[in-house]
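Enquirer: One structure, pasted below without further comment.
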Amino acid sequence: MIIDCHGHYTTEPPEHHAFRKRQVEFAEGKSEAWPLYPEIDDSVLRATIEQNQLRLQRERGSDLTILSPRASGMGHHVGDADINADWSRISNDLIARIVDMYPANFAGVCQLPQSLSGDLKPALAELERCVDLGFVGCNLNPDPSGGFWSAPPIHDPYWYPLFEKMVELQVPAMIHVSSSCSACLHTTGAHYINADTAVFMQLIQGDLFGAFPDLKLIIPHGGGAAPYHWGRYRGLAMMLERPSLGEHLMRNVFFDTCVYHQAGIDTLFRVVGPDNILFGSELLGAVKALDPETGFSFDDTRRYIDALSLDGAGRHAVFEGNARKVYPRLDARLKAQGR
């Protein structure tokens, strides 16, 4: 089967966006009333999914999408811990409803209620709640400030309570920032890729997997700049007297295939190799356009992988095997479905 590890619910109903607007206004002091979330009928959710993510899943030939809330909409820099907890719960509950409607097509990954206060206790509680709902992973924002990098580096003990909980629950995290607060950093074109690259370097600098050998992290968007500057990072690891990248990181770090041209995918596979790559498209995400050079959508990433000369073992690893290994709760879910 073909598992897409990187999908977002970016086609939310208008009522959902209207609520968030009221919530932000409350957080900014423009409204005195705590907003109440409206009732949204299942038929509305079905329409948003069937006309978009589910339709494209079928057209492009994948079987299951790991679905999470809109990444740019997480907005951890907005409001306090209570606002973030409320918004994360609401966003995750929508994902849970969609997964319950289409259990063969989607599996849930949750948004964590991170905030500028730095208190991770709400994130631990929401992660536990979502795992109880059947979620298989989480998205972890290494920069809740939205581009100002006020949080400690990812290898810092500050993050250890979250990593301990993730290992306990057997869930991985996809490293994923939210929207950018800086006019200098375009959200999807700069901020996302910068964060992926920054976290890879942070992991080199620290020894996170010495402390958590069973922790699994996915760095999306093809690993940011890391695979395309592999020599730089190999050299920096040597200068910092760290082990080789293969020994230090690559037993625990995986990249997805959200790279939107053939040459980029070719480089990713040549440098990193299929054992550390999960198929992903970011559907529906950053680039919603047809590539005039190919006539196909930029984010139709399966086409790039099909064009590679992968053997059967490599294809199975990228399309299915690695996802089952990195997401053990997904593997258990699929086995329970007879898949």
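The values are calculated or read from the model by the stated rules, or taken from the named source; none is laboratory data. Just so we're clear, the structure is a prediction, and the values are computed from it rather than from any experiment. For neighbour counting, all protein chains shown are included, and Cβ atoms are generated from backbone atoms with ideal geometry for every residue, glycine included. Quick note on the areas: whole protein, heavy atoms, side chains included, nothing else; ligands and nucleic acids left out. Shrake-Rupley method; radii C 1.70, N 1.55, O 1.52, S 1.80 Å.
Enquirer: Is the C-alpha gyration tensor of the stretch 217-339 telling us rounded, prolate or oblate? Criteria: a/c under 1.5 is rounded; beyond that, a/b larger than b/c is prolate, otherwise oblate. If you can, show how the numbers build up before the last one.
Expert: Details: a/c = 1.93, a/b = 1.15, b/c = 1.69.
Oblate.
Enquirer: Remind me, relative contact order of the chain in percent, using alpha carbon pairs under 8 angstrom and six or more residues apart? Mind dumping the intermediate values first?
Expert: On the way: 585 pairs, mean separation 58.6, N = 339.
It comes to 17 percent, rounded to a whole number.
Enquirer: Does the stretch 280-337 come out rounded, prolate or oblate, given a ≥ b ≥ c as the square roots of the eigenvalues of its C-alpha gyration tensor, rounded meaning a/c under 1.5 and, failing that, prolate meaning a/b above b/c? Mind dumping the intermediate values first?
Expert: On the way: a/c = 3.65, a/b = 1.65, b/c = 2.21.
Since a/c reaches 1.5 but b/c is at least a/b, the shape of the stretch 280-337 is classed as oblate.
Enquirer: I've got another one for you. Quick one: length gained pulling Gln205 to Leu310 fully straight, 0.36 nm per residue minus the C-alpha distance? Let's see the in-between values first.
Expert: Numbers: separation 105, 0.36 × 105 = 37.80 nm, distance 3.27 nm.
Length gained between Gln205 and Leu310: 34.5 nm.
Enquirer: Placing +1 at every Lys and Arg Cβ and -1 at every Asp and Glu Cβ, with all other atoms neutral, what dipole size does the stretch 1-95 have around its Cα centre, in debye to the nearest 20? Numbers along the way, then the final one.
Expert: Details: 10 positive and 16 negative charges, 69 e Å.
Here the size comes out at about 340 debye.
Enquirer: Okay, next question. How much accessible area per residue does the chain have, counting only protein heavy atoms and a probe of 1.4 Å, in square angstrom?
Expert: Values: 13970 Å² over 339 residues.
Accessible surface, normalised per residue, equals 41 Å².
Enquirer: Pull up the DSSP beta bridges for the chain and report the antiparallel fraction as a percent, rounded to 5. Walk me through the numbers on the way to the answer.
Expert: Values: 1 of 23 bridges.
Once the DSSP bridges in the chain are tallied, antiparallel ones form about 5 percent.
Enquirer: In terms of the Cα gyration tensor, with a ≥ b ≥ c the square roots of its eigenvalues, is the stretch 1-121 rounded because a/c is under 1.5, prolate because a/b exceeds b/c, or oblate? Mind showing how you got there, number by number?
Expert: Numbers: a/c = 2.68, a/b = 1.74, b/c = 1.54.
Prolate, because a/c is 1.5 or more and a/b exceeds b/c.
Enquirer: A further question on this structure: How far, in nm, would the chain grow between Asp80 and His229 when pulled straight, counting 0.36 nm per residue and subtracting the alpha carbon separation? If you can, show how the numbers build up before the last one.
Expert: Values: separation 149, 0.36 × 149 = 53.64 nm, distance 3.77 nm.
Going from the current span to full extension adds 49.9 nm.
Enquirer: Using a 1.4 Å probe, how large is the accessible area of Tyr327, given in Å² and rounded to the nearest 10?
Expert: 10
Enquirer: In addition: What is the spin-label model distance, in nm, from Lys30 to Val271 if the labels are put 7 Å beyond Cα along the C-beta direction?
Expert: 4.2
Enquirer: If ligands, DNA and RNA are left out, what is the accessible area of Glu320 with a 1.4 Å probe, given in Å² to the nearest 10?
Expert: 20
Enquirer: Please work out the Cα center distance from the stretch 169-199 to the stretch 85-129, rounded to the nearest Å.
Expert: Each part's Cα centre sits 18 Å from the other's.
Enquirer: From largest accessible area down, sort Met238, Met74, Met1, Met101; use a 1.4 Å probe on the protein chains.
Expert: Working: Met238 140, Met74 0, Met1 60, Met101 35 Å².
Order by accessible area, largest first: Met238, Met1, Met101, Met74.
Enquirer: Sticking with this one: Provide the gained length on full extension for the span Lys21 to Gln170, in nm with one decimal, where the gain is 0.36 nm per separating residue minus the Cα-Cα distance.
Expert: Numbers: separation 149, 0.36 × 149 = 53.64 nm, distance 3.46 nm.
The Lys21-Gln170 span can extend by a further 50.2 nm.
Enquirer: Another question, then. Once the whole set of protein chains is in place, how much accessible area is left on Trp149, using a 1.4 Å probe, in Å² to the nearest 10?
Expert: Approximately 80 Å² for this residue.
Enquirer: Sort Ser281, Ser244, Ser182 by heavy-atom solvent-accessible area, probe 1.4 angstrom, most to least.
Expert: On the way: Ser281 5, Ser244 70, Ser182 30 Å².
So, going from the largest accessible area down, we get Ser244, Ser182, Ser281.
Enquirer: Continuing with the same structure: Would you mind telling me the share, in percent, of accessible area of the chain contributed by carbon and sulfur at probe 1.4 angstrom?
Expert: For the chain, the apolar C and S fraction of the accessible surface comes to 52 percent.
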